[in-house]
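See structure below.
Only the coordinates and a few stated rules stand behind these numbers; no lab work does. Quantities reported herein were computed from a predicted structural model and do not represent experimental measurements. Cβ atoms come from the backbone with ideal geometry, glycine included; neighbour counts cover every protein chain shown.
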Amino acid sequence: MILSGFILVALPLLIAVLFAWFNVDRLAKQGKQALTGGIEQTQQSQALVERVQEMDRNARQFLVLRDAELLGLYTQRQRELETRLKTIEATAVLPDDPNLLDEILLTSREIHHALQTLGEEPDTQRILQQLTDLRGQTRDWLSYSEQLVNMRSRSLQESAQETRRLLLWLLLTTIPAAIILMLILTPVISRSIRR
């Protein structure tokens, strides 16, 4: 009887501690995933911007020099860009994806095709405009990617606030419940001890 009384008094506190541990552990896992995903997505997006800048430089050099080696370099960078885009699509969580990655891929392929089929009278202005569009699309992607990371961060902060409120509520309810149980069970335990 005495042991069961102590168990009844300690039970609400034990449940509260276990519940708190579970929620803090869940929050820590979410935080780690958000941090890792945010870092990876930011690195991939920055690498995408750098790749497009290199492609832009190679294309402009090719337009001036018409060197086949520069076209080969642009072709290599085009393949690397397509691989990077596939990696981003595979790893990124993209709610409401605005198809920016598809636009980047399409524009880069159009530029690549235009450079490969460059004739005697090339439409240099159109290619330069496409290069400008491609740089703008990658900046838009980088901005969108940063917004996603910020959105996940805000969501994690809201989850932390909710967990904090829940733990405060648990604290405010379990301590009085334990005290009430203690007050109720103290006379019962006292009678058992006196016998």
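Normalised by the residues of the chain, what does the relative contact order come to in percent, with Cα pairs under 8 Å and at least six apart?
40
Report the net charge of residues surrounding Met55, where surrounding means a beta-carbon distance below 12 angstrom and charges are Lys +1, Arg +1, Asp -1, Glu -1.
Around Met55, the surrounding residues sum to +3.
Hand me the GluC sites (Glu not before Pro) from segment 52-158 located in a DSSP loop with no more than 12 other Cβ atoms within 10 Å, in residue order please.
Answer by residue number: Glu120.
Can you list the HN-Hα couplings for segment 53-66, worked out from phi with the Karplus curve (6.51, -1.76, 1.60; θ = phi - 60°), rounded to whole Hz and with x for Gly and Pro?
4, 5, 5, 4, 4, 4, 5, 5, 5, 5, 4, 7, 8, 6
Anyone know which of Val64, Val52, Val149 comes out most mobile in the 10 Å Cα GNM of the chain?
Taking springs between Cα atoms under 10 Å, the residue moving most is Val64.
Nearest 20 debye, what's the magnitude of the dipole of the chain about its Cα centre given +1 on Lys and Arg Cβ and -1 on Asp and Glu Cβ?
1860
Which value in nm describes the separation of the simple spin-label points at Val17 and Ser143, placed 7 Å from the Cα toward the beta carbon?
It works out to 5.2 nm between the two label points.
For segment 35-46, what does the Karplus curve 6.51 cos²θ - 1.76 cosθ + 1.60, with θ = phi - 60°, yield as ³J(HN,Hα) per residue in whole Hz, taken in order and with x for Gly and Pro?
Here the 3J(HN,Hα) series is 5, 4, x, x, 5, 4, 5, 5, 4, 4, 5, 5 Hz.
Going by how many other Cβ atoms sit within 10 Å of their own, how do Met151, Met55 line up, fewest first?
Met151, Met55
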